[in-house]
Each structure stands twice: as C-alpha cells, then as structure tokens.
1. Output the residue which, of all residues in the stretch 1-52 that are closer than 29 Å to K256 by Cα and part of a helix (DSSP H, G or I), is nearest to ligand 2 (Cβ to nearest atom).
2. Mind telling me which of the residues E167, E184 ends up being assigned to a helix (DSSP H, G or I), charged (D, E, K, R), under 20 Å from the mean Cα position of the chain (by Cα) and at pLDDT 95 or above?
3. Looking only at the stretch 204-223, how many residues end up being loosely packed, with under 14 Cβ neighbours inside 10 Å and assigned to a helix (DSSP H, G or I)?
4. Based on what the data block shows, is V65 under 24 Å from S230 (Cβ atoms), within 16 Å of ligand 1 (Cβ to nearest atom), of a type in the set (V, I, T) and assigned by TED's automatic domain parsing to the domain that holds L14?
5. From the list A250, A277, exactly one residue is part of a helix (DSSP H, G or I) and touching a strand residue (DSSP E or B) at 6+ places or on another chain (Cβ under 6 Å). Which is it?
6. Working carefully through the options S216, S206, find the one that is small (G, A, S) and in contact with a Lys or Arg (Cβ under 9 Å, 6 or more places away or on another chain).
7. For a quick check of your reading of the model, give me the residue pairs whose first member lies in the stretch 149-168 and is away from ligand 2 (no atom under 12 Å from the Cβ), whose second is among the small types (G, A, S), with beta-carbon atoms closer than 6 Å and at least 6 apart or on different chains.
8. Just one of (1) within 20 Å of L7 (Cβ to Cβ); (2) surrounded by fewer than 18 Cβ atoms within 10 Å (Cβ to Cβ) trips up Q92, so point out which.
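The values are calculated or read from the model by the stated rules, or taken from the named source; none is laboratory data. Everything numeric in this text was worked out from a predicted model, so none of it was measured. So basically every Cβ, Gly included, is an ideal-geometry build from the backbone, and we count neighbours across all protein chains shown.
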Amino acid sequence: MSLETLLRQAQRPLLIAHIAPDGDAIGSLLGLGWAMKELGRWPTLACADPVPESLQFLPGHDEIVSRRKGDEDVIVSLDSSDLLRLGSLYDQELFAALPVVNIDHHVTNVRFGSEQLIEPTAVSTSQIVYDLLRRLDWPVSPWSATCLLTGLITDTRSFRTSNTTAEALRTAVALIEAGAPLAEINGHLEHDIPMGVVTLWGRALSAARLQDGIVSVEVTRKLLRECGVSGGDASGLVSLVAGVRQAQIAVLFTEKPDGRVEVGLRSVPGVDVSGVALALGGGGHRQAAGCTLPGPLEAVRDTVLAHLAQMLAAAQPELRALGGSDSDA
Ligand code: 5GP
Ligand code: MN
C-alpha cells in the first residue's frame, strides 16, 4: 500500500513529534493534525516532552498529549531521525503491530518504519508535510498554515540557513496566503526571551572559547540554576556563536538535570557536522546537528572537540575549494 493510501485510510492515527521538541517538530505535528481533524479523522497528537512555552501560541498546542490513547490504526513519526528521539512514546510491540510512517528531513535518518518520506534537501519537516497535503488534496486551513509556517521559520532561522531555497520561500508565500499570520508568528517567536536567559547568555558568552576554528560555549547545571532557566532556553546560544568569523564550527554543551550532556553543533557550508553527531549516537543535518552523551561535562568536551578537530582537518580541502578560510583564527 502506498504511503498516500495508508494516510487516506487512517482513521485514528497516532502522530508523534520528537523529544525536546522545536518549532518544526510541533509545527509539522499540528499542521498535519489539523488537516486530519478537518477531514473528520481522530488523530492523537503526541510528544513525550512538553511543548515549550515559546510555542504555546500555536493553535491546538493544548491538545498535544504525552501518552497514546490506545486505539490507533497508523503511527506517523515527524521530524525524528531515529526511534530514540520518540522517547517514551516508542513502544516496540506497538511499532511492530501497526504501519509506521516516517516523515523527516534529517540526512542521518536511520529509515525506521514501514513507510518512509525522507527528504534531506527539504528545509523542514513542515515543508514535507505541506507538499504531502497538496499531493493528497487535503485542506490547508489558517490553523494548519500557521503551524507549518512556524516550522519553516524556526528551522531556517527565518530563511537564513544555507539550505534555504526558492521553494521554501514559495511555500512560505502559499502558507501566508492560506491564512498564516506572519507578523504575529514572528512576534511570538522573537519577543519571547525570559530575562534569566539574557543573564545566562551573558555569563556563558563571557566564557566562550575559540580554538583552531571551533568556538565552544558551556552551560552547566549550576549556571542554569543560578539564572533560573531550563536547558532548552539555552539552545539559541549555539546559533549566536556560529556567527563568529574565525570559527568554522560552533558547539554548545548543556548539562541536563540527570547529568547527561546535550551537544549542539553548527558549521559553515563545506564542513559537515552530521557525521560526528551520528558517530556519537545523535544525528541532524550537515550544518546543524546534535547528540546527547553521558557526563561529566569535561569528558564530553574532550571527546567531542577531538572528533570535531579531526573532521575539520579532513574538511580543509573542501573549505578551500569553497573559498572558505582556514587560517583566520
Ligand atoms: P539543536 O542544536 O538545534 O538542538 O539541534 C540541531 C539538529 O540536530 C536538529 O535537527 C536536531 O534534530 C538534531 N539533534 C540534536 N540533538 C540530537 C540528538 O540527541 N539525537 C539526534 N538524532 N538528533 C539530534
Ligand atoms: Mn526539523
């Protein structure tokens, strides 16, 4: 059965977004969920972790649950490159019993599931969902459009990432024409920094290090506690320091409450961080990837920086061919 037929027949699909959800995970979950609801289906919208406060303006966010209901007929995974990323919603027995549709744009997707719709060149999973809705001739309501456009905006950092295409911009126009309020979405996304995060940025940035083309920043549990913010709030830091002229790679280490360390990676075109993330048990895209490793932080720092330095040395010929600089530091 084709993926399209499977989705057309689904009455009670279980739609799942990845843990530590971002705008694309929640946006694609709700965007597809709205379309299905408008067709009279009964989707369960699920994510093992709570919706971040910054995304709680999206229509339908309060219907997202952290556990399944139990009568689903199809599973649809959104924006998740492996089953670990589904957290507690991954249930081996259930996943063996039901068709599993894997919709994603990570180049490191391990192709789990019985049906795959994986497009690494798509700027976001919400872009893939939008194309799917059009192909199925399903409705794109203002609510669905709002959620999908939010996914597109957040994953492209407002259409600034190097993978942004004319198609992504055309999709944005179509979503605005379908009723997505661009200014309102940007207002929610941009005007949302808790004051404690500004303090945290200041303290973390003042200790940023640059060595051999790699800029790194660390956020310890102690710093999070002192600033009164959560680890998720710190995630924007890596994109900030990725703009450092002398750096080809930016890395953010964040200590989680359980002592594990989240590693966020960014790189310039010509340097691919997805391979290092995958080798360390994570995944992502060429220019933005990540993984989570057991602590302590010092050991994680040493391991990750060693992997990155080795990869960066091997990437120098390609960087030179692209006109990048390796002697700026
Ligand atoms: P961020 O640094 O924004 O948290 O993540 C950048 C990219 O890497 C995202 O596409 C995200 O899905 C991916 N990523 C981050 N952490 C992990 C991880 O622990 N496992 C996997 N598979 N991907 C990750
Ligand atoms: Mn995404």
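1. D24
2. E167
3. 3
4. Criteria not met by V65.
5. A277
6. None of the others qualify; the one that does is S216.
7. Partner pairs satisfying both residue conditions: L149/A180.
8. Only one criterion is unmet by Q92, namely (1).
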